[in-house]
1. Checking the condition more than 30 Å from GLU418 (Cα to Cα), acidic (Asp, Glu) and within 17 Å of the chain's Cα centre (by Cα), which residue from ASP323, ASP312 passes?
2. Which members of the range 282-319 meet the condition of being under 19 Å from GLU332 (Cβ atoms) and loosely packed, with under 13 Cβ neighbours inside 10 Å?
3. Would you say ALA380 is in contact with a strand residue (DSSP E or B) (Cβ under 8 Å, 6 or more places away or on another chain) and of a type in the set (Gly, Ala, Ser)?
4. Surrounded by 16 or more Cβ atoms within 10 Å (Cβ to Cβ), assigned by TED's automatic domain parsing to the domain that holds THR162, at pLDDT below 90 and of a type outside the set (Phe, Trp, Tyr): does that describe THR222?
5. Looking at the range 271-289, is at least one residue farther than 27 Å from ASP349 by Cα, at pLDDT 90 or above and aliphatic (A, V, I, L, M)?
6. I'd like the full set of residues that are assigned to a strand (DSSP E or B) and under 48 Å from the mean Cα position of the chain (by Cα), limited to the range 407-431.
7. For LEU341, which of the numbered conditions (1) surrounded by 16 or more Cβ atoms within 10 Å (Cβ to Cβ); (2) under 43 Å from the mean Cα position of the chain (by Cα); (3) part of a strand (DSSP E or B) fails to hold?
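The values are calculated or read from the model by the stated rules, or taken from the named source; none is laboratory data. On a predicted model such as this, the values are computed, not experimentally measured, just so you know. For neighbour counting, all protein chains shown are included, and Cβ atoms are generated from backbone atoms with ideal geometry for every residue, glycine included.
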Amino acid sequence: MMAELTLRQLFSIGLGAVLIVGARPAIAQNLPGVANLPQQTTAIQLDDAYVLGPGDAIAINIFNVPEYSGTQQILADGSLNLPVVGRVNISGLTLGEAGSAIGAAYRSELRYPQVTVVLEQPRPLRVAIAGEVSRPGLYTLSPDNAQFPTVAQALQTAGGVTQAANLHSVQLRRTNGQRPSQTVTLDLWELLSNGDVRQDLALRDGDAIVIGATDTVNIAETNQLSASNLASSVDQAIVVAVVGEVFRPGAYEFGAEGESTQGRTTVTQVVQTAGGIKPSADIRRIQVRRLARSGAEQLIDLDFWQLLQAGDLSQDLVLQQGDTVIIPLASETTPAETAQLTAANFSPDTVQVNVVGEVKSPGVLQISPNTTLNQAVLAAGGFNNRATETVELIRLNPSGSVTQRQIEVNLAEGLDSEKNPLILNNDVVIVGRNGRARFSDTVESIFRPLLQLVSPMRLFF
């Protein structure tokens, strides 16, 4: 039976490590009732030996020579000041290599020196983090009870990864002291999706983590990443822009100090903040423009019609700092689709219509966005006794042109694009006078001057 080794003994031996990623047991294949599982043969081979450097505290034990043994701290120049033999440079060596170097220095004093070196207190680790993280740069991480920080912990220290990150191919570069440097590729998506902690390697001083941008955006993976603790903090304020068919296009800040919003910022939240989507929008071709750290542009296509029809929440993309939401103009829409769009929660709560003329309560009204012409007339109190049932609908189009339509109102009519259209924001409805009221007005205009002449004559006589 193999004897158990303590962590300190492992440090003293300084063994390298071989890490097999994603391998599945061969015994599970070709057995009755067990599905054949694909095997992954890719291996991560990384020299995991600890490399000594300035600031490390080590315990040196020379067998049967206690006066030369004891704890030493490696000096700034990477050397030790040892009894009798003086300075010995061990920077860039493993613990085993350092023991050999110290033993060689004592051969002039001892016949067969047997030296054991144990790491007492590791120095802080300097780790470079670059690419798709919130705050790339150089970080100093401190080991905790001889447990070294891992890749995931380093990314959290750097503020988390961005939504543009390619977690399937994360590079870990290691200098390895005086030995050849190494670069290994980690799949942190396996860590998130399958709990493969073998991808979360322990770091060493001088390591570099590089996260590139993904070439193809997977919306489901992006939203899943945003819910993990590898993503950027929800407490960080972001500024995103929305342009196109919304009522108040522009740039908006989310998550600022003092706001009550919680969780991640999504496209629907941005659209709602921008006044809601216009009925003229093409929600099947919404795009999010995103810039990676490298300056490359990503275009993410969204179909909000799937969100409305099938409840596909993956279409409601989680946004990040600097994103731009683009809402295009629809080439054509049907009345039924417009009614569904105006009833959605990313449409405005109310629209404004001005009903003037022969109604009981003329003026500007705030009505729900899925209100029809008939309902707008009723909201203004309905026709008075001088009104004609043919009204004029004046509309400002997205192109800037103005259309005028004569519509004969039938209050019993349902939604119809010709006879009872939906009211859009800033429509004007003009209700004219009927024939009897116009005749009365004509008669009054003719006889009013005569009556004004007769009245003074009556006073005179």
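1. Answer to the check: ASP323.
2. If the condition is that a residue be under 19 Å from GLU332 (Cβ atoms) and loosely packed, with under 13 Cβ neighbours inside 10 Å, then GLN309 is the only one that fits.
3. yes
4. yes
5. no
6. If the condition is that a residue be assigned to a strand (DSSP E or B) and under 48 Å from the mean Cα position of the chain (by Cα), then ILE407, ASP416, ASN420, LEU422, ASP427, VAL428, VAL429, ILE430 are the ones that fit.
7. With respect to (1) surrounded by 16 or more Cβ atoms within 10 Å (Cβ to Cβ); (2) under 43 Å from the mean Cα position of the chain (by Cα); (3) part of a strand (DSSP E or B), LEU341 is out only on (3).
Here is a yes/no grid of residues against (1) surrounded by 20 or more Cβ atoms within 10 Å (Cβ to Cβ); (2) touching a Ser or Thr at 6+ places or on another chain (Cβ under 8 Å); (3) assigned to a loop (DSSP other than H, G, I, E, B):
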residue: ALA49; (1), (2), (3): yes, yes, yes
residue: GLY55; (1), (2), (3): no, no, yes
residue: ALA59; (1), (2), (3): no, yes, no
residue: THR71; (1), (2), (3): no, no, no
residue: ASN81; (1), (2), (3): no, no, no
